[in-house]
Amino acid sequence: MAEQREPPPDSKLTRSKQRWAQEGRFLTGRIARPETERLPPGQHLTRDWPTLDLGLTPDIPRERWHLDVYGAVEQPVFWSFAAFLAQKQTQFTSDIHCVTTWSRYDNQWTGLATRDLLAACQPRAQARFVVLHSYDGYTTNLALEDFAAEDALLAHSWWGAPLEVEHGGPVRLVVPHLYFWKSAKWLQAIEFLEHDAPGYWEVRGYHNRGDPWAEQRYSGD
Ligand SMILES: Nc1nc2c(c(=O)[nH]1)N[C@H]1C(S)=C(S)[C@@H](COP(=O)(O)O)O[C@H]1N2
Ligand SMILES: [Mo]
């Protein structure tokens, strides 16, 4: 089991984001289709890469990093960074869509595809959800089907360079088809569950699933 972690106290930014969620800020009511429109409704393109988190950057060097995979799985996993790197490596290029309305195209990620992680840990038949736990105390929840998306991965590099600590290095999750708050930075543990367990933003007014194409920004959308 992963140890208990306390999320950091609310900051000014997390308080405004929580208020925007209550007000339904950034909702356009338009719908878009991923097959015909690359930019989801209400998003604008950015060329730089903004940093968004709880205001606390855990400094976990690769030598001290571990991934703990536990819960409803046949084969719990506890990997050092070297053991993680020894798994099959995959590259995917995908777009980022942040709920605060910026999108960033063409991010090349290298790491372990979530499907290969699932092959290693073998979720039990009853497992239907995952909760990601991060070194900063952040959590986020996903349905197993979303976690298992064909372009989702546990990424350690971006365009061939080690993922910078501000962006979640040593290892972050990347789930391109959902808003980026689902893509946990500084990944520490993955818990498999039979029942859903909403995470940090999901209990503060964000949508439980977060599909940018359906503009699922906030709960109730
Ligand atoms: N561990 C952790 N992961 C996190 C967050 C966080 O606060 N802590 N913020 C989420 C949010 S709200 C966004 S938009 C993206 C931002 O990733 P970036 O800083 O690399 O752009 O990380 C997500 N993953
Ligand atoms: Mo975000």
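This table checks each residue for (1) within 24 Å of residue 214 (Cβ to Cβ); (2) modelled with pLDDT of 95 or more; (3) of a type outside the set (S, T, N, Q).
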{"residue": "128", "(1), (2), (3)": "yes, yes, yes"}
{"residue": "134", "(1), (2), (3)": "no, yes, no"}
{"residue": "143", "(1), (2), (3)": "yes, yes, yes"}
{"residue": "149", "(1), (2), (3)": "yes, yes, yes"}
{"residue": "154", "(1), (2), (3)": "no, yes, yes"}
{"residue": "160", "(1), (2), (3)": "no, yes, yes"}
{"residue": "165", "(1), (2), (3)": "no, yes, yes"}
{"residue": "171", "(1), (2), (3)": "no, yes, yes"}
*Got a sec? Which of 110, 36, 57 is touching a helix residue (DSSP H, G or I) at 6+ places or on another chain (Cβ under 7 Å), more than 15 Å from ligand 2 (Cβ to nearest atom) and either in a loop (DSSP other than H, G, I, E, B) or more than 26 Å from residue 12 (Cα to Cα) (or both)?*
57
_I'd like the full set of residues that are surrounded by 19 or more Cβ atoms within 10 Å (Cβ to Cβ) and touching a Gly at 6+ places or on another chain (Cβ under 9 Å), limited to the range 159-172._
163, 171, 172
_Looking only at residues that are within 13 Å of ligand 2 (Cβ to nearest atom) and part of a loop (DSSP other than H, G, I, E, B) in the range 176-200, which one is surrounded by the most Cβ atoms within 10 Å (Cβ to Cβ)?_
184
_Residues that are hydroxyl-bearing (Ser, Thr, Tyr) and touching a Cys at 6+ places or on another chain (Cβ under 7 Å): does the range 162-183 have at least one?_
yes
*Is there a residue being within 10 Å of the chain's Cα centre (by Cα) and modelled with pLDDT of 95 or more anywhere in the range 196-206?*
no
_When you check residue 154 against the structure, is it touching a strand residue (DSSP E or B) at 6+ places or on another chain (Cβ under 9 Å), in a loop (DSSP other than H, G, I, E, B) and surrounded by 23 or more Cβ atoms within 10 Å (Cβ to Cβ), yes or no?_
no
*Collect the residues in the range 161-175 that are over 24 Å from residue 41 (Cα atoms), within 16 Å of ligand 2 (Cβ to nearest atom) and part of a loop (DSSP other than H, G, I, E, B), keeping them in residue-number order.*
168
*Can you name the condition, by its number, that residue 203 falls short on among (1) away from ligand 1 (no atom under 11 Å from the Cβ); (2) under 23 Å from residue 20 (Cα atoms); (3) outside any loop (DSSP other than H, G, I, E, B); (4) in contact (Cβ under 8 Å) with a residue 24 or more places away in the chain?*
(4)
_Just to be sure before I move on: is residue 100 without any contact (Cβ under 8 Å) to a residue 12 or more places away in the chain and either among the β-branched types (Val, Ile, Thr) or within 16 Å of ligand 2 (Cβ to nearest atom) (or both) in the structure I sent?_
no
*Test for residue 138: is it at pLDDT 95 or above, in contact with a helix residue (DSSP H, G or I) (Cβ under 6 Å, 6 or more places away or on another chain) and within 12 Å of ligand 1 (Cβ to nearest atom)*: no
*Take the residues of the range 61-91 that are more than 16 Å from ligand 1 (Cβ to nearest atom), touching a residue at least 40 places away in the same chain (Cβ under 8 Å) and among the hydrophobic types (A, V, I, L, M, F, W, C): which is farthest from residue 23 (Cα to Cα)?*
85
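The values are calculated or read from the model by the stated rules, or taken from the named source; none is laboratory data. Everything numeric here is computed off the predicted structure, so don't read it as measured data. Counting neighbours? That spans all protein chains shown, and the Cβs are built from the backbone with ideal geometry, glycine included.
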